[in-house]
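So the structure is just underneath, and the comments pick up after that.
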Amino acid sequence: MGSRPSVIFFGSPAFAVPCLEQTARMAEVRLVVTQPDRPRGRGLSLAAPRVKTFALEHGLPVAQPSSIRTPDFAASLRQHNADVGVVVAYGRILPAAILNAPKLGCLNVHASLLPRLRGAAPVHWAIVRGQHETGVSLMQMDEGMDTGPVLAQARTQIGQSETAGQLAQRLAVLGAQLLAENLLAAAEGRLEAVAQDPSLATRAPLLKKQDGRVCWAEPAVSVFNHVRGMSPWPGAFARLHGKPIKLHRTHVLTAHGCAGPPGRVVRADAHGIDVACGQGVLAIEELQPAGRRRMHAREYLAGHALERETLLT
């Protein structure tokens with residue numbers, strides 16, 4: 001094969017960019033496959049995936065198929081005669097015809113320690129579920145959802161106050177480092193492929209906006225983890241006086257005991273807003289009323305009277 005394998009890279013969001021950058025240093029990137037441009041923002045103007053932006057800036061050829069499940073697209077990939085595919089947060093399940101288009105199949109950089117957190121949102125669910133450790137896995141892909149044998153892994157501790165957005169940035173770099181250490185060996189078949197134990201598998205399903213809804217009946221620690229895990233998207237939210245309010249930063253005031261019905265405001269003053277949970281009390285530090293900017297809780301209270309006993313739902 002030589003020292004520089006030829007690669008087809010599949011990826012879309014910012015998370016995949018460090019891996020694409022690393023791949024371009026180590027290999028001949030014959031094609032970058034990414035999602036089509038999508039409407040974004042209030043004006044719904046078309047925006048390119050971050051991977052496409054990086055690829056074009058560095059002179060890499062780009063394909064944005066609206067469908068990857070066509071014989072013509074699979075045939076076009078085979079014409080590139082690539083040694084291996086590298087897949088990082090592409091956003092679609094690849095059928096067998098695509099997985100088999102490169103000579104040695106496709107490798108995937110996944111943001112969890114497989115078989116834990118298989119699925120589309122492993123970073124978010126690691127935090128929501130209160131995990132203290134996560135990492136990245138390099139996997140030989142098969143047709144299942146993150147079920148292929150694992151070639152290499154790297155671990156990292158999750159910070160006590162780290163959000164999903166912050167953790168994703170670190171894991172993107174860690175994934176690129178893992179790829180740098182193992183791409184050539186993987187492409188040459190020098191890595192041991194370790195089958196996953198399905199009995200240890202957990203799921204990390206795609207997030208929906210409604211997943212951000214806070215459940216005050218949960219313990220304060222769980223609500224704190226939920227707020228971190230939903231940041232920056234879809235964003236943790238509750239309803240106050242019937243209107244949605246986003247929660248950006250919180251901390252656990254007390255982890256034990258019962259301060260009243262879940263969602264009850266137990267204090268609202270210059271220190272912030274404290275809310276009873278199913279167990280313990282959560283302190284809201286930063287929030288965002290509907291149609292307003294993000295602000296500290298005391299700034300919100302300066303313009304909004306909030307009585308004790310008020311319920312957030």
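Any idea what % of Cα-Cα pairs in region 161-233 are farther than 19 Å? Spell out each step's value before the answer.
Values: 1569 of 2628 pairs.
The answer is 60 percent, as a whole percent.
Report the longest stretch of the chain that contains none of the GluC sites (Glu not before Pro) sitting in a DSSP loop with at most 10 other Cβ atoms within 10 Å.
1-191
Once phi is turned into θ = phi - 60°, what whole-Hz ³J(HN,Hα) does the Karplus curve with 6.51, -1.76 and 1.60 give for every residue of region 275-288, x standing for Gly and Pro?
Per-residue couplings from phi come out as 10, 5, 10, x, 8, x, 10, 9, 9, 8, 9, 10, 9, 8 Hz.
Give me the Debye-computed log₁₀ of I(q)/I(0) at q = 0.14, 0.19, 0.33 Å⁻¹ for region 1-45, equal point scatterers on Cα only, no solvent, two decimals.
Log10 I(q)/I(0), no solvent term: -0.43, -0.65, -1.17.
Check CYS106: other-chain or 5+ apart residues with amide H under 5 Å from its amide H, H built from backbone geometry?
Placed amide hydrogens put GLY85, MET141 under 5 Å from CYS106.
Percent of accessible area on region 236-313 owned by carbon and sulfur, 1.4 Å probe?
Numbers: 2120 of 4010 Å².
Ligands and nucleic acids excluded, carbon and sulfur give 53 percent.
For region 52-66, just list the computed ³J(HN,Hα) in residue order, Karplus coefficients 6.51, -1.76 and 1.60, θ = phi - 60°, integers in Hz, with x standing in for Gly and Pro.
Those phi angles translate into 4, 4, 5, 4, 5, 5, 10, x, 9, x, 10, 10, 10, x, 6 Hz.
How large, in Å, is region 87-171 by the Kirkwood hydrodynamic radius built from its alpha-carbon pairs? Show your work: numbers first, answer last.
Values: mean 1/r = 0.0747 Å⁻¹.
Averaging 1/r across every pair of different Cα atoms and inverting gives 13.4 Å.
Taking the Cα atoms of region 228-306 alone, what are Rg (to one decimal) and Dmax (as a whole number) in Å?
Radius of gyration, then largest Cα-Cα span, for region 228-306: 12.1, 35 Å.
In angstroms, what radius of gyration and Dmax does the chain have, counting Cα atoms only?
22.4, 71
Note the angle between two axes, namely the Cα long axis of helix 220-229 and the longest principal axis of the Cα atoms of the chain, as a number of degrees from 0 to 90, rounded to the nearest 10.
So the inclination is approximately 40 degrees.
At 1.4 Å probe size, with every protein chain present, just tell me what the per residue accessible area of region 1-158 comes to in Å².
Values: 6880 Å² over 158 residues.
Value returned for region 1-158: 44 Å² of accessible area per residue.
Which percent, to the nearest 5, of DSSP beta bridges fully inside the chain are antiparallel?
On the way: 40 of 58 bridges.
Of the beta bridges lying entirely in the chain, close to 70 percent run antiparallel.
What share of Cα pairs, in percent, lie more than 24 angstrom apart in region 1-117?
Of all Cα-Cα pairs in region 1-117, 24 percent lie more than 24 Å apart.
Using alpha carbon coordinates only, what is the Rg to Rh ratio of region 161-313, with Rh defined as the Kirkwood radius? Don't skip to the end; give the middle numbers.
Details: Rg = 20.1 Å, Rh = 17.6 Å.
With Rh from the inverse mean 1/r over Cα pairs, Rg/Rh is 1.14.
So if I take the alpha carbon set of region 45-101, get Rg, then get Rh from the Kirkwood formula, what is the Rg over Rh ratio? List each step's numbers first, then the result.
Working: Rg = 12.3 Å, Rh = 12.8 Å.
Rg divided by Rh gives 0.96.
Rounded to the nearest 500 deg cm²/dmol, what is the calculated helix-only ellipticity per residue at 222 nm for the chain, with -39500 (n - 2.57) per DSSP H run of length n ≥ 4?
On the way: 8 runs with 78 residues, N = 313.
Taking each H run of at least 4 residues, the total per residue is -7000 deg cm²/dmol.
Show the residues, 5+ positions off or on another chain, whose built amide H is closer than 5 Å to the amide H of GLN279.
Counting only residues 5 or more places away or on other chains, the set is ALA220.
Taking Cα centroids, how far is region 52-129 from region 1-30 in Å?
11
Could you compute how fast region 251-297 diffuses translationally, taking Rh as the Kirkwood radius over C-alpha pairs and applying Stokes-Einstein at 20 °C with viscosity 1.002 mPa s? Give it in µm² per second. Spell out each step's value before the answer.
Values: Rh = 11.1 Å.
Result for D is 194 µm²/s.
Measure off, as a whole percent, the carbon and sulfur share of the 1.4 Å-probe accessible area of region 58-106, all protein chains present.
On the way: 1210 of 2310 Å².
Whole-percent figure for carbon plus sulfur exposure: 52.
DSSP loop (so not H, G, I, E, B), at most 13 other Cβ within 10 Å: list which trypsin sites (Lys or Arg not before Pro) in region 165-273 pass both filters.
Numbers: sites: ARG170, ARG190, ARG203, LYS208, LYS209, ARG213, ARG228, ARG239, LYS246, ARG249, ARG264, ARG267; in loops: ARG190, LYS208.
Counting only loop positions with at most 13 other Cβ atoms within 10 Å, the trypsin sites (Lys or Arg not before Pro) in region 165-273 are ARG190, LYS208.
The values are calculated or read from the model by the stated rules, or taken from the named source; none is laboratory data. Quantities reported herein were computed from a predicted structural model and do not represent experimental measurements. Positions of Cβ are backbone-derived with ideal geometry, glycine not excepted, and every protein chain shown enters the neighbour counts. Ligands, DNA and RNA are stripped out before the accessible areas are found, and what is left, the full protein with its side chains, is counted by its heavy atoms. Shrake-Rupley method; radii C 1.70, N 1.55, O 1.52, S 1.80 Å.
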